[in-house]
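Take a look at the structure below.
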Amino acid sequence: MLEEIAACLRESGLILRGGLHFARGEERPSGPGGEPAGSVVLVGNAGADYWRHFNCWRARQPADLADPLDCWSREVIGAVAQKAGARVLMPNDRPFAPFQQWVMRAEGLKSSPLGLLIHPRYGLWHAFRGALLFDEEIALPNVERSNHPCALCDGKPCLKACPVGAHSEAGFAYAACVSHVRGADGQTCREGGCIARNACPVGERYRYPAPVQAFHQKAFAGF
Ligand code: B12
Ligand code: SF4
Ligand code: SF4
């Protein structure tokens, strides 16, 4: 079944990520049958292969459609879920599901100093577009596990790159970042993406092209 799901997702430039079995007694979302789910498998992107599929779909939608990437993701992942008998949960569904905790467990990923999880191959150029919930404990996808890239990173250039020092041990200074991105000096962050994220040397091959980064920055900072 997982191979079929992965093949359907590939047609839209998405990939099957890791999954996990929920522990008995742990707080968990409901599965397709309405009872607490037995497993979750994550769906995401590594690099921006999804972009051309998304844009073809978007060209057929009303120009003022709100949250188009979420709508497209729900449509694509929803169709796959229907075939697989799963329930879809989206990263922006409220209350927020702990996607990052799930991925840490499912794929052994760790946080970068920027707060984003870093992947040994994809670097910071990956994200989660949805989760498939199953009632039962299904066979889980195989995922590659490797060392945490940040542990071996000399000089940690990501921490020195932000013009307003938005990343520190105190966490991410959201207000300072957004104000810079929207402001007169924020053109590079608006058009080329987050300078700190782009300073990371890992996963160069998967770096999102500038128009993709600009799209996400617009959604994030609302300019
Ligand atoms: C709300 C939210 C934000 C908020 C607040 C983040 C926060 N932690 O409070 C804001 C608007 C600041 C934000 C910003 C961004 N976000 Co955000 N965000 C979310 C969202 C929707 C919910 C987070 C949450 O509260 N979860 C609930 C808790 C219970 O779940 P959790 O897994 O345990 O939460 C972990 C994270 O919160 C993490 N964490 C702790 N502190 C911080 C700080 C930051 C800045 C981040 C990103 C994470 C983080 O540790 C928690 C424990 O494991 C998630 C999707 C999701 N459902 O998880 C995306 C998500 C975390 N965001 C993501 C991204 C990509 C971004 C941005 C780059 C935006 C963009 N342009 O795309 C920026 C990054 C800012 C930076 N550091 O450079 C990705 C991360 C992918 C990855 N590789 O890890 C996610 C998973 C969405 C996705 N579709 O993949 N985000
Ligand atoms: S620049 Fe280094 S420390 Fe920063 S995210 Fe990349 S690998 Fe990790
Ligand atoms: S988007 Fe710009 S201001 Fe915000 S954290 Fe990245 S480099 Fe800093």
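Just so it is clear, none of the values below were taken in a lab; they were calculated from the coordinates. Note that the structure is predicted; figures quoted are calculated from it, not measured. Using ideal geometry, Cβ is built from the backbone for each residue, glycine included, and neighbour counts are taken over all protein chains shown.
Centroid-to-centroid, using Cα positions, the stretch 145-162 and the stretch 173-217 are 18 Å apart. A simple count of charges around Leu14, restricted to other residues whose Cβ falls under 11 Å of its Cβ and scoring Lys, Arg +1 and Asp, Glu -1, yields +1.
Could you tell me the convex hull volume per residue, in Å³, taken over the Cα atoms of the chain?
Per-residue hull volume (Cα only) is 138 Å³.
Summing charges over all other residues whose Cβ lies under 15 Å from the Cβ of Cys71, with Lys and Arg as +1 and Asp and Glu as -1, gives -1.
Mind checking the stretch 55-164 for chymotrypsin sites (Phe, Trp or Tyr not before Pro) that DSSP puts in a loop (not H, G, I, E or B) and that have at most 12 other Cβ atoms within 10 Å? The partial results should precede the final answer.
Details: sites: Trp57, Trp72, Phe96, Phe99, Trp102, Tyr122, Trp125, Phe128, Phe134; in loops: Phe96, Tyr122, Trp125.
Passing sites in the stretch 55-164 are Phe96.
Restricting the trypsin sites (Lys or Arg not before Pro) of the stretch 66-138 to loop positions (DSSP other than H, G, I, E, B) with no more than 11 neighbouring Cβ atoms within 10 Å leaves nothing. Taken along the Cα-to-beta-carbon direction at a fixed 7 Å, the label points for Ala176 and Ala219 span 2.7 nm.
Distance between the pseudo-spin-label points of Glu11 and Asp185 (7 Å out from Cα toward the beta carbon): 5.0 nm. Eigenvalues of the alpha-carbon gyration tensor of the stretch 153-221, scaled by 5 and square-rooted, set the equivalent ellipsoid semi-axes at 18, 17, 9 angstrom, largest first. For Lys156, the lysines whose Cα comes closer than 19 Å to its Cα, not counting residues fewer than 8 places off in the same chain, are Lys110. Mean residue ellipticity at 222 nm, helices only, the chain: -10000 deg cm²/dmol; runs of at least 4 DSSP H residues each add -39,500 (n - 2.57), and the sum is divided by the number of residues.
Applying D = kT/(6 pi eta Rh) to the stretch 50-180, where Rh is the Kirkwood radius over alpha-carbon pairs, T corresponds to 25 °C and eta to 0.890 mPa s, the Stokes-Einstein value obtained is 139 µm²/s.
Which of the helices in the chain meet the span-like rule: DSSP H, Cα axial reach of 18 Å or more, Kyte-Doolittle mean at least -0.5?
68-84
If you keep only loop residues by DSSP, which GluC sites (Glu not before Pro) in the stretch 167-223 have at most 16 other Cβ atoms within 10 Å of their Cβ? Filter output for the stretch 167-223: Glu169.
Entry note, the chain: relative contact order of 24 percent, from Cα contacts under 8 Å with a spacing of 6+ residues. Using alpha-carbon pairs under 8 Å, 6+ residues apart, how would you state the relative contact order of the stretch 114-213 in percent? Worked out over the stretch 114-213, it gives 40 percent.
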